[in-house]
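The values are calculated or read from the model by the stated rules, or taken from the named source; none is laboratory data. Note that the structure is predicted; figures quoted are calculated from it, not measured. Note: ideal-geometry Cβ built from the backbone for every residue, glycine included; neighbour counts use all protein chains shown. Protein only, heavy atoms only, side chains kept; ligands, DNA and RNA dropped before computing areas. Shrake-Rupley method; radii C 1.70, N 1.55, O 1.52, S 1.80 Å.
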Amino acid sequence: MQNFRALVLGVLSWLLPVITLIGLIFAVSLGFSGLEPLWQTKAATASLLGGCVGLVLLINAAYQQGDEERDVHIVMKWAARIACFLVLVFAALAAYSLWLRIAQYGLTPERVMAAVGVIVAVLFGIGYPVAAVLPGRWLARIETVNVAMAFVKVALFLAVLTPLADPLRLSADSQAARVASGAVAPDRFDWKVLRFKTGTYGQTALARLAK
């Protein structure tokens with residue numbers, strides 16, 4: 001079992017330089033093409049969050065227990081450092097993409113959950129680059145980041161299970177506020193979101209708007 005684990009981690013770790021190069025080319029190309037081609041995919045936030053997840057997985061596969069117990073190739077070390085900054089770039093773009101969507105169409109349960117993913121990605125995107133530039137053992141600080149992020153994720157996941165950050169409640173309040181404030185005309189509003197996608201919160205909002 002241990003040999004199989006070492007084999008999987010070895011394969012994933014050597015994928016890191018390849019994926020990092022692809023991600024770097026993609027990030028640089030956005031500087032020339034702009035963000036419009038990314039928005040046209042209609043799945044920018046999900047794709048960017050998927051990129052963050054993949055990079056975090058590969059960085060940890062490359063890191064394993066650090067470089068004290070084994071020699072890590074210099075290519076791997078630099079690929080991991082660059083990948084840490086790519087996590088920040090992808091997370092920032094995902095946050096911007098989601099913000100544009102929410103500003104235009106309001107919250108839905110799916111967007112609330114996407115926001116949870118964006119928060120996690122942004123925090124990883126802040127922690128990993130800091131770990132990459134701090135002096136000392138190679139990427140040693142990602143151990144602290146990983147432990148801290150475990151508690152953050154538990155807190156976020158618990159929050160969405162309570163009224164505090166219930167996706168249905170937040171979505172119903174957001175959609176109702178868009179109509180009440182005049183941000184969207186009643187005849188152009190998607191009433192199905194309140195009626196069918198936000199549970200009792202949406203039905204309560206509908207009753208309130210009807211008055």
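Only a single criterion out of (1) modelled with pLDDT of 90 or more; (2) farther than 20 Å from Val122 by Cβ; (3) exposed (fewer than 12 other Cβ atoms within 10 Å of the Cβ) is not satisfied by Ala155, namely (2). Residues in the stretch 1-38 that are open to solvent by 40 Å² or more (accessible area, probe 1.4 Å) and in contact with a helix residue (DSSP H, G or I) (Cβ under 7 Å, 6 or more places away or on another chain): Leu12, Leu15, Ile19, Leu24. Based on what the data block shows, is Val116 within 18 Å of Ser171 (Cβ to Cβ) and open to solvent by less than 40 Å² (accessible area, probe 1.4 Å)? The answer is yes for Val116. Name the pairs whose Cβ atoms lie under 7 Å apart, with the first residue in the stretch 8-27 and within 11 Å of Met76 (Cβ to Cβ), the second surrounded by fewer than 13 Cβ atoms within 10 Å (Cβ to Cβ), and 6 or more positions between them or separate chains? Qualifying pairs under 7 Å: Pro17/Val75. A residue that is part of a helix (DSSP H, G or I) and of a type in the set (Lys, Arg) occurs somewhere in the stretch 195-203. Would you confirm whether any residue within the stretch 178-194 is in contact with an Asp or Glu (Cβ under 8 Å, 6 or more places away or on another chain), among the basic types (Lys, Arg) and exposed (fewer than 14 other Cβ atoms within 10 Å of the Cβ)? No, every residue in the stretch 178-194 fails to be in contact with an Asp or Glu (Cβ under 8 Å, 6 or more places away or on another chain), among the basic types (Lys, Arg) and exposed (fewer than 14 other Cβ atoms within 10 Å of the Cβ).
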